[in-house]
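One structure below.
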Amino acid sequence: SSREKVERVSLAVAQDKDWLSDLDCFIREQVEVFCANSSDVSKAVEYVPVSPGQVGLRCIHCAKSDEGAKGDAVLYPHSVSGIYESVRELHRLHLHDCPHLPIELKSEMSKMTGSSSLSSVLRRYYVQAAGALGLFDSDEGGVRAGGRVIPMVGK
């Protein structure tokens, strides 16, 4: 396609496999982090105000498609600590029915169901992993990118 090359930033980080279940690693690999542009802001649903530069999460497969990620394939966490819930929502509401998720990944995911890590551990981990990506809570609301990168400590 004629779309310009977009640099994709996966939510997954190298340390995921040291801390998370196969299912949780798999889900994080299907999610990308992006900063909203004016087009994203205009497409955002009314009850979730989004401003330019705000960090969103979206299905990596829909984002690569010609129509792009929309509807339940895009979420804007209200804070770094809300990233965990946003990813759970994306998994629950979108991934199983994603029209762009390759069939082999869909089948791989269905074999993994039920094997999730402890949620208390996950929540803490997601906050640390967000720090490793330079994500931070904004005073204007929502999450922003480009903050100080806080390296993850290995297990």
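Coordinate-derived values only; no laboratory data. This is a predicted model, so every value here is computed, not measured. Backbone-built Cβ (ideal geometry, glycine too); neighbour counts: all protein chains shown.
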Quick one: grab the alpha carbon gyration tensor of segment 1-90, order the square roots of its eigenvalues as a ≥ b ≥ c, and give me rounded if a/c is under 1.5, else prolate or oblate depending on whether a/b is larger than b/c. oblate
For residue 51, net neighbour charge (Lys/Arg +1, Asp/Glu -1) across residues whose Cβ lies under 11 Å away: -1
Max mean-square fluctuation residue, GNM over the chain, Cα-Cα springs under 10 Å, options 110, 120, 51: 120
Please state the shape class of the chain: rounded when a/c is under 1.5, otherwise prolate if a/b exceeds b/c and oblate if not, all from the C-alpha gyration tensor. oblate
From the C-alpha coordinates alone, can you work out the Kirkwood hydrodynamic radius of segment 63-154, in Å? 14.9 Å
Rounded to whole Å, give me the distance from the Cα center of segment 67-81 to that of segment 23-62. 4 Å
So what is the calculated 222 nm ellipticity per residue for the chain, using -39500 (n - 2.57) for each DSSP H run with n of 4 or more, over all residues, to the nearest 500 deg cm²/dmol? -10000 deg cm²/dmol
From the phi angles alone, apply the Karplus equation (6.51, -1.76, 1.60; θ = phi - 60°) to segment 135-148 and give each ³J(HN,Hα) in whole Hz, x where the residue is Gly or Pro. 8, 8, 6, 9, 5, 7, x, x, 10, 10, 10, x, x, 5
Report the relative contact order of segment 9-144, percent, no decimals, based on alpha-carbon pairs under 8 angstrom and at least 6 residues apart. 28 percent
